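Asks: Before we start, here is the structure in question, set down as structure tokens.
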Amino acid sequence: MMRRAICPGSFDPVTHGHLDIIRRGTALVDELVVGVGVNGGKHAMFSAAERVAMLSDAVADLPGVTVAEIDGLLVEFCRCREIGTIIKGVRSGTDLDYEMQMAQMNRQLTGIETVFLPTAAEWAFVSSTLIREISSLGGDISQFVPDVVMRALAQRRATNPTEGAR
Ligand code: PNS
């Protein structure tokens with residue numbers, strides 16, 4: 001039987017920390033869907049379509065990985081696509097508290113299991129929020145994000161210089 005998992009997130013924008021989790025997730029399953037979801041508690045800088053496009057470029061060299069927008073509930077998306085496992089990276093105890101609540105809720109809703117992968121130490125302090133802030137204030141974030149994100153952030157800075165600094 002095909003083992004299919006999802007790596008869901010906001011990916012606003014995708015970082016090397018995310019890509020490390022995605023890469024390591026592929027070793028655990030046959031197919032990995034990277035799911036771009038709406039986090040009700042966050043204001044997104046990039047549209048879902050833009051985030052999907054950036055991710056598609058960043059994972060193009062990874063076999064068995066596809067990218068899709070989660071257009072409703074994560075567990076419904078998983079049910080429709082016969083995805084049996086959620087894979088999430090965890091950077092810290094704070095992440096774990098937040099992720100644990102979602103994992104338990106998702107399991108209560110449909111029985112789907114979540115597997116946590118500890119973030120590699122070299123990316124443990126990287127977050128999309130910090131990337132947006134540093135980029136909007138003119139800092140160099142090239143070591144933390146793929147080239148496609150560098151280009152997208154540069155374009156945003158040119159058209160809207162104050163965006164992201166929040
Ligand atoms: O990168 P994030 O912001 O931690 O990702 C959170 C995300 C997008 C995975 C989560 O908000 C989600 O699953 N959204 C889809 C809607 C949903 O199912 N919400 C209920 C979660 S218990």
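The values are calculated or read from the model by the stated rules, or taken from the named source; none is laboratory data. Computed from a predicted model, the values in this text were never measured in an experiment. Here Cβ is always computed from backbone atoms with ideal geometry, including for glycine, and neighbour counts include all displayed protein chains. Side chains are part of the model used for accessible areas, which takes the heavy atoms of the whole protein and leaves out ligands, DNA and RNA. Shrake-Rupley method; radii C 1.70, N 1.55, O 1.52, S 1.80 Å.
Asks: Inside segment 55-81, can you point out the residues that are in contact with a Phe, Trp or Tyr (Cβ under 7 Å, 6 or more places away or on another chain) and within 17 Å of Arg132 (Cβ to Cβ)?
Replies: Taking segment 55-81 as the starting set, the residues that turn out to be in contact with a Phe, Trp or Tyr (Cβ under 7 Å, 6 or more places away or on another chain) are 55, 70.
Leu55 - this is the single residue of segment 55-81 that is in contact with a Phe, Trp or Tyr (Cβ under 7 Å, 6 or more places away or on another chain) and within 17 Å of Arg132 (Cβ to Cβ).
Asks: Condition test on Gly35, is it crowded, with 22+ Cβ neighbours inside 10 Å, more than 19 Å from Ile131 (Cβ to Cβ), within 15 Å of the ligand (Cβ to nearest atom) and not charged (D, E, K, R)?
Replies: Here the answer is yes, as Gly35 does meet what is asked.
Asks: Let me ask something else about it. Could you run through segment 1-13 and say how many residues are more than 10 Å from the ligand (Cβ to nearest atom) and either in a strand (DSSP E or B) or within 14 Å of the chain's Cα centre (by Cα) (or both)? Please lay out each step first, then the result.
Replies: To start, the set of residues in segment 1-13 that are more than 10 Å from the ligand (Cβ to nearest atom) comprises 1-5, 13.
Imposing the further condition that a residue be either in a strand (DSSP E or B) or within 14 Å of the chain's Cα centre (by Cα) (or both) reduces the set to 4-5, 13.
Matching residues across segment 1-13 total 3.
Per-residue answers, yes or no, for (1) in contact (Cβ under 8 Å) with a residue 12 or more places away in the chain; (2) among the hydrophobic types (A, V, I, L, M, F, W, C); (3) in contact with an Asp or Glu (Cβ under 7 Å, 6 or more places away or on another chain):
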position	(1), (2), (3)
Arg107	no, no, yes
Thr110	yes, no, no
Ala121	no, yes, no
Ile131	yes, yes, no
Ile134	no, yes, no
Gly139	no, no, no
Val145	yes, yes, no
Arg151	no, no, no
Ala158	no, yes, no
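Okay, residues lined up against (1) among the polar types (S, T, N, Q); (2) open to solvent by less than 90 Å² (accessible area, probe 1.4 Å); (3) not in a loop (DSSP other than H, G, I, E, B):
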| position | (1), (2), (3) |
| --- | --- |
| Gly72 | no, yes, no |
| Gly89 | no, yes, yes |
| Thr94 | yes, no, yes |
| Asn106 | yes, yes, yes |
| Phe125 | no, no, no |
| Ser135 | yes, yes, yes |
| Arg156 | no, yes, yes |
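Asks: Do the conditions hold for Arg157, that is, is it among the basic types (Lys, Arg) and modelled with pLDDT of 95 or more? Let's see the steps before the verdict.
Replies: Details: among the basic types (Lys, Arg): yes; modelled with pLDDT of 95 or more: no.
Against the criterion (among the basic types (Lys, Arg) and modelled with pLDDT of 95 or more), Arg157 does not qualify.
Asks: Among the residues of segment 90-109, how many are in contact with a strand residue (DSSP E or B) (Cβ under 6 Å, 6 or more places away or on another chain) and more than 9 Å from the ligand (Cβ to nearest atom)? Explain how you work it out, then say what you get.
Replies: Kept after step one, since they are in contact with a strand residue (DSSP E or B) (Cβ under 6 Å, 6 or more places away or on another chain), are these residues of segment 90-109: 90, 96, 99, 103.
With the extra rule that they be more than 9 Å from the ligand (Cβ to nearest atom), the set shrinks to 90, 96.
Total meeting the criteria: 2.
Asks: OK, next. With the requirement that a residue be within 14 Å of the ligand (Cβ to nearest atom), not hydrophobic (A, V, I, L, M, F, W, C) and not in a helix (DSSP H, G or I), what does segment 38-66 give you?
Replies: Matches in segment 38-66: Asn39, Gly40, Gly41, Lys42, His43.
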